[in-house]
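Below: one structure, written as structure tokens.
Just so you know, all these numbers are worked out from the coordinates, no wet-lab data involved. Source: prediction; values computed, not measured. Here Cβ is always computed from backbone atoms with ideal geometry, including for glycine, and neighbour counts include all displayed protein chains.
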Amino acid sequence: MRKYEYVYILDPQEENTKKAIEDIKRHYNDMGVRVLKEDDMGKRRLAYEINKKTDGYYYVTQIEIDDFSKLEDFEREMTLSQDVIRFMKVTI
């Protein structure tokens, strides 16, 4: 089992944020991911403007997964999502 930490910067609009977090959790469930820790950090000012947005909603998860190839498809989906401004993965 490999462990990863994902940091997501989501669209700060409340309805978009809720939708994005639900989508992330649904993807985790579909992939068979075990969520070790989840931290909802809330809305914060961005260090620089991204896509004409100055604020972002920060959401952090630590996960455990067996099949790394499933994460590649998941990350592709997150890149295409309109609700996810940026995300970063770190191996822990």
Among the numbered criteria (1) in a strand (DSSP E or B); (2) loosely packed, with under 13 Cβ neighbours inside 10 Å; (3) over 11 Å from the mean Cα position of the chain (by Cα), which one does MET88 miss?
(3)
So ASP66, is it in contact with a strand residue (DSSP E or B) (Cβ under 9 Å, 6 or more places away or on another chain), loosely packed, with under 13 Cβ neighbours inside 10 Å and more than 13 Å from TYR8 (Cβ to Cβ)
yes
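For segment 71-85, give me each residue that is within 17 Å of LYS25 (Cβ to Cβ) and in a helix (DSSP H, G or I).
Let us first name the residues in segment 71-85 that are within 17 Å of LYS25 (Cβ to Cβ), namely 71, 73-75, 77-78, 81, 83-84.
Hits for segment 71-85 are LEU71, ASP73, PHE74, GLU75, GLU77, MET78.
Filter segment 12-64 for residues that are polar (S, T, N, Q), part of a helix (DSSP H, G or I) and in contact (Cβ under 8 Å) with a residue 24 or more places away in the chain and give the result. Please lay out each step first, then the result.
As a first pass, look at segment 12-64 and keep what is polar (S, T, N, Q): 13, 16-17, 29, 51, 54, 61-62.
If we keep only those that are part of a helix (DSSP H, G or I) as well, we get 16-17, 29.
Once the filter is applied, which keeps residues that are polar (S, T, N, Q), part of a helix (DSSP H, G or I) and in contact (Cβ under 8 Å) with a residue 24 or more places away in the chain, segment 12-64 yields ASN16, THR17.
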Are any residues in segment 28-60 surrounded by 16 or more Cβ atoms within 10 Å (Cβ to Cβ), within 19 Å of ILE92 (Cβ to Cβ) and not aliphatic (A, V, I, L, M), and if so, which ones?
TYR28, TYR58, TYR59
